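Derivation of every value follows stated rules applied to the coordinates shown; laboratory data play no part. Note that the structure is predicted; figures quoted are calculated from it, not measured. FYI the Cβ positions are ideal-geometry reconstructions off the backbone, even for glycines, and counts take in every protein chain you see.
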Amino acid sequence: MTTSDWGDWLPREIADADPDGVDAWYLGCNGFVLKASDGTTVLVDPYVGTGSPPRTIRMIPVPFDPDDVERADAVFATHEHTDHVDEESQAPILEATGADYYAPDDSLDVVAEEDWQVDYDIGDDQLVEASEGDTFDVGSFTVHVVETADADATHPVGYVFEHDAGTFFHAGDSKPSDSFSDVGERFDIDAAALAFGTVGNVPDKETGVPARTRWYNDENQIIECASDLRVDRLVPTHYDMWKGLTADPTVLHHHAKSFAYPRDLEIVEIGDRITL
């Protein structure tokens, strides 16, 4: 298992935090922790792996050890890719906290194929299939599962986290989706995490030959998503993670300024905390 570069300070900060409403910590890649004023704590796509060098090379610190997570009421996966569904990142949290694991069917298939329940004490009732249109409560959050558009995934979903303090949307690695206009009409989204990166050359998984790769939104696509979603605050993610696909999110100010939405660009680095 990968060891944290930062020790346990980030899990300690989250455990000790006492938000007035909802605070969110960016874990790098596409991971977040949301903590509400009543202590409800959920994680979305937490990943502490280093990729598969030389194809995918992690460019940022490993911010925590899963064994240092004290509380999690639920862990959410948006789709089946390794940096979103990862045994060493997520199974220890499920075992230690008893958290429910919400994931679409193809993501749960990865859990079964990798035999998480052989290596860790995770009950069948902890593994919950999340399907578009589902709505359920996790502590003080009401969670809505919505359709997204990620052609590189076999079954991606997004999650809308509603709370009295505000609404947070995690789109996974989605690019512009026909569903986003409807999502933007249904929910008053205070902050949305949307994946952003460059087009780069990544070694092919089979041949090792560098191939032109677009895994995330470019500058125009991410603003299209935020505009359709009517987002108050756009939080770009994933731009920091993989060598050859990193990007500069500050350029998005220029792309966003002629649109009504997003109203603000919230640029976070790994370990940063924001308040809804």
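Some notes on this structure:
- Each of 237, 154, 40 has some number of other Cβ atoms within 10 Å of its Cβ, and from fewest to most they run 154, 40, 237.
- Computed over segment 66-183, the range of Cα coordinates on each principal axis works out to 42, 34, 22 Å, biggest value leading.
- For the chain, share of DSSP beta bridges that run antiparallel, in % to the nearest 5: 65 percent
- Amide H to amide H distances under 5 Å link residue 138 with 143, where only residues 5 or more positions off or on other chains count and H is placed in the peptide plane.
- Once the trypsin sites (Lys or Arg not before Pro) in DSSP loops with at most 11 neighbouring Cβ atoms within 10 Å are cut out of the chain, the longest remaining piece is 1-204.
- Residues 241, 1, arranged from fewest to most other Cβ atoms within 10 angstrom of their Cβ, appear as 1, 241.
- For the chain, calculated [θ]222 nm from helices alone, where every DSSP H run of n ≥ 4 adds -39500 (n - 2.57): -5500 deg cm²/dmol
- Cα gyration tensor shape of segment 107-261, rounded if a/c is under 1.5, else prolate or oblate by comparing a/b with b/c: oblate
- Note, ³J(HN,Hα) from phi for segment 162-177, Karplus 6.51, -1.76, 1.60, rounded to Hz, x at Gly and Pro: 9, 8, 4, 7, x, 10, 10, 10, 10, 9, x, 9, 5, 9, x, 10
- Gaussian network model of the chain, springs between alpha carbon atoms under 10 Å - residue of 204, 73, 38 with greatest fluctuation: 204
- Under a Gaussian network description of the chain, with springs only between Cα atoms under 10 Å, the residue in 201, 217, 30 that fluctuates furthest is 201.
- Modelled label positions at residue 253 and residue 275, each set 7 Å beyond Cα in the direction of Cβ, lie 2.3 nm from each other.
- At an R0 of 25 angstrom, the distance between the Cβ atoms of residue 151 and residue 52 translates into a FRET efficiency of 0.75.
- Listed residue (156, 246, 102) projecting farthest to the positive dipole end of the chain, Cβ model: 246
- Derived scalar couplings ³J(HN,Hα) [segment 185-194; Karplus, 6.51 cos²θ - 1.76 cosθ + 1.60; whole Hz; x for Gly, Pro]: 6, 6, 10, 8, 8, 6, 9, 10, 8, 10
- Amide H contacts of residue 22: 276, each under 5 Å away and 5 or more positions distant or on a separate chain (H built 1.01 Å from N in the peptide plane; Pro and chain starts excluded).
- Candidates 118, 75, 231: whichever shows maximal mean-square fluctuation once the chain is modelled as a Gaussian network with Cα springs under 10 Å: 118
- Listed residue (270, 43, 14) projecting farthest to the positive dipole end of the chain, Cβ model: 270
- The chain pair-distance distribution - Cα-Cα, 5 Å bins, rounded %: 1, 6, 13, 18, 20, 19, 13, 7, 2, 0, 0
- The length gained by stretching the chain between residue 220 and residue 246 to full extension, at 0.36 nm per residue less their Cα-Cα distance, is 7.8 nm.
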